[in-house]
Amino acid sequence: SWRWTMRVIASCAVAFLMLMLSHPLTAFAQDDRCPTGFSNDACDQWRFERADKMLSELVVSEISDLGKWSTDRLWQEEAKKLLLEAHSAWQAFRAAECKARSTINVISARTRAGKLSACLLALTQQRIAQIKS
């Protein structure tokens, strides 16, 4: 029924919040050194790819931790589905936001690529911090 679905969604939201609050805040290593010879743009892209991988691993970890909150398999599957939907929606937002930011006041394609990578990196780092806090 509709009420049951709303209770499941509310339970998932509460469990997700509790799960997010259980992770300590850890700082990003700002001294990630890019491989020798990388331009600033290539370095930002390299850092973004590393951060995006870290974010994906964090989401997988959050999903695997759902068993800590409930042994109900139906609840776990619904929570997993909602977490994946939220992550997918956030990724779509990140892509659209950075694409928009990188096209505003940009003179060259190279500058656009650099702004895009820097934006993707910044938003990904912010998202990881949100999830961990």
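The values are calculated or read from the model by the stated rules, or taken from the named source; none is laboratory data. Since we're looking at a predicted model, the values are computed, not measured. As a convention, Cβ positions derive from the backbone with ideal geometry for all residues, glycine included, and neighbour counts pool all protein chains shown. For the accessible areas, the whole protein counts, side chains as well, though only heavy atoms, and no ligand, DNA or RNA atoms are used. Shrake-Rupley method; radii C 1.70, N 1.55, O 1.52, S 1.80 Å.
Of all residues in the stretch 40-54, one or more are open to solvent by 90 Å² or more (accessible area, probe 1.4 Å), at pLDDT below 85 and in contact with a helix residue (DSSP H, G or I) (Cβ under 8 Å, 6 or more places away or on another chain).
Evaluation of Ala79 against the conditions (1) modelled with pLDDT of 90 or more; (2) out of contact with any Cys (no Cβ under 8 Å at 6 or more places or on another chain) shows that the sole unmet condition is (2).
Which residues, taken from the stretch 82-92, are of a type in the set (A, V, I, L, M, F, W, C), surrounded by 12 or more Cβ atoms within 10 Å (Cβ to Cβ) and under 12 Å from the mean Cα position of the chain (by Cα)? Listed by number, the residues that qualify are Leu83, Leu84, Ala86, Trp90. Exactly one residue among Leu66, Leu121 is outside any loop (DSSP other than H, G, I, E, B), touching a Phe, Trp or Tyr at 6+ places or on another chain (Cβ under 9 Å), surrounded by 13 or more Cβ atoms within 10 Å (Cβ to Cβ) and modelled with pLDDT of 90 or more, and that residue is Leu121.
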